[in-house]
Every structure is written in structure tokens, then in C-alpha cells.
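Read through the structure below, which is laid out as C-alpha cells, and then see the notes.
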Amino acid sequence: MRLVVAISGASGVNLGIKFLKLLPENIEAFAVISKSAKIALKYENSSALENLNNQKNITIFKNSDIAAPIASGSFKIDKMVIIPCSMNTLAKCAYGFADNLITRAFSVSLKEKREVLLAPREMPFSLIALENMTKLSSMGVTISPPVLGYYSNNSTIDEMENFIIGKWFDSLGIENSLYKRWKDDE
């Protein structure tokens, strides 16, 4: 699988970085980290980007590089995620603004009918954000905000993050064992 992983500037940038780090090695990832995401990262965890450049299955592009391969429909990718998805990026996606690599790759994915998952990160959602999510959902985009699972085995932040990322992997058809699943006898 070839996957575009975009990280926009909203709280929860660490989830996007952790998503990349937990991807199986057989998935080729093309990552874009916005300038705003890098600013948010300084407040959340300045060391999160360490070792990301050393992963062989990840290619990182600048958000300003609209000539990057992922900006073209002829470049074959299978799916795209935006984790987290800021309200600014969400609005641009909903209304077709393709003014940076993230929104251009989104527009290309949409026109090529590729699977797209957005993880909007804001609370509470405004009516404008909800309308934008509804519009995108009606176009086939999966809207999957990072909602915590409160099962007994999710007691630490790390376990809760693994639950969220595991659910995103499930949505994308990526095998994982990041969280405890219900069994028939439970």
C-alpha cells in the first residue's frame, strides 16, 4: 500500500507522528508536515520528529512543494490521511482550495476517487466545521476524529493513542494489534 500522511497544524500533531512511526514497514508512506504543525509540535513534543527521517518506508515533502509527486493524479497512491486535520485544512478541503501540498494531494485523491480519512481535531465542533465534515462525508471522505476509548485496558495516554491509531488503521485496512478487540465470548 502507498499512503499519503498529511499532518496539519492542530493540537494532536503527536498522533500524526505516532501514526507514521507505527505504520508497518511494507507500507510506503509519503508524509507532509505543515509549518503550523511544526509550530504545534514545539508545544506538544519537540522530539517527536526524531528518527522519522531514518525510516526507509517514509518520504517527507515540504508543504510548499506543490510540484511533489503526490500533487499529481498520475502518481499512484492508494489512500490518504490528514492526522490531525485542522479546521483551516478541513475548510480548504471542503471548498476545493489547493494552495499547498496537503490540500493539493487531497484534491487529487478526491478526483481520483482514492480513499481519504480526515481526523478533525477541535472541540467543540462549530456548525461551520460540522457542515464541512458533512459535505466531505457526502463525497466519500471518512471523518474520524481522535475519540478516546475508555476500555479497562486503555489506562495510559500511550494505550489511548494506540487505540485511536488502531481504529484509523482498521478504517484503512491496515492489520494491527494496537488495541484489545472484543471476542465472541465477551
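No value in this document is a laboratory result; all are computed from the given coordinates. These figures come from a predicted structure and were not determined experimentally. So basically every Cβ, Gly included, is an ideal-geometry build from the backbone, and we count neighbours across all protein chains shown.
From helices alone, the chain scores -11000 deg cm²/dmol at 222 nm; the rule is -39500 (n - 2.57) for each run of n ≥ 4 DSSP H residues, then divide by the residue total. If one computes the Cα centroid of segment 67-118 and of segment 127-174, what distance in Å separates the two points? Taking the Cα centre of segment 127-174 as reference, the centre of segment 67-118 is 18 Å away. Rank P84, P124, P146 by mean-square fluctuation in a GNM of the chain with C-alpha springs under 10 angstrom and give only the top-ranked residue. Among P84, P124, P146, the largest mean-square fluctuation in the Gaussian network model of the chain belongs to P124. Comparing N63, N45, N132 in a Gaussian network model of the chain where C-alpha atoms under 10 Å apart are linked, the largest mean-square fluctuation is found at N45.
Using the alpha-carbon atoms, what tilt in degrees (0 to 90, nearest 10) does helix 157-172 show relative to the longest principal axis of the chain? Rounded to the nearest ten degrees, it is 60.
Computed 3J(HN,Hα) for segment 4-11, one whole-Hz value per residue from the Karplus formula 6.51 cos²θ - 1.76 cosθ + 1.60 where θ = phi - 60°, is 8, 10, 9, 10, 9, x, 9, 4, glycine and proline marked x.
Among the trypsin sites (Lys or Arg not before Pro) within segment 66-96, those in coil by DSSP and having at most 16 neighbouring Cβ atoms inside 10 Å are K76.
Can you tally the net charge around I82? Count Lys and Arg as +1, Asp and Glu as -1, for every other residue whose Cβ sits under 14 Å from the Cβ of I82. Once all neighbours under 14 Å are counted, the net charge is +3. For the residues N88, N26, N57, a GNM of the chain with alpha-carbon springs under 10 Å puts the largest fluctuation on N26. Each label point was placed 7 Å from the Cα along the Cα-to-Cβ direction; for D158 and K21 their separation is 1.0 nm. Were the residues from A67 through K111 laid out at 0.36 nm apart, the gain over their Cα-Cα distance would be 14.1 nm. Once the chymotrypsin sites (Phe, Trp or Tyr not before Pro) in DSSP loops with at most 16 neighbouring Cβ atoms within 10 Å are cut out of the chain, the longest remaining piece is 1-74.
Rounded to the nearest 0.05, the FRET efficiency derived from the C-beta distance between K42 and S74 at R0 = 30 Å is 0.25. Could you tell me whether segment 1-146 comes out rounded, prolate or oblate from its Cα gyration tensor? Rule is a ≥ b ≥ c as square roots of the eigenvalues, rounded for a/c under 1.5, then prolate if a/b exceeds b/c, otherwise oblate. Oblate shape, in that a/c is at least 1.5 and b/c is the bigger or equal ratio.
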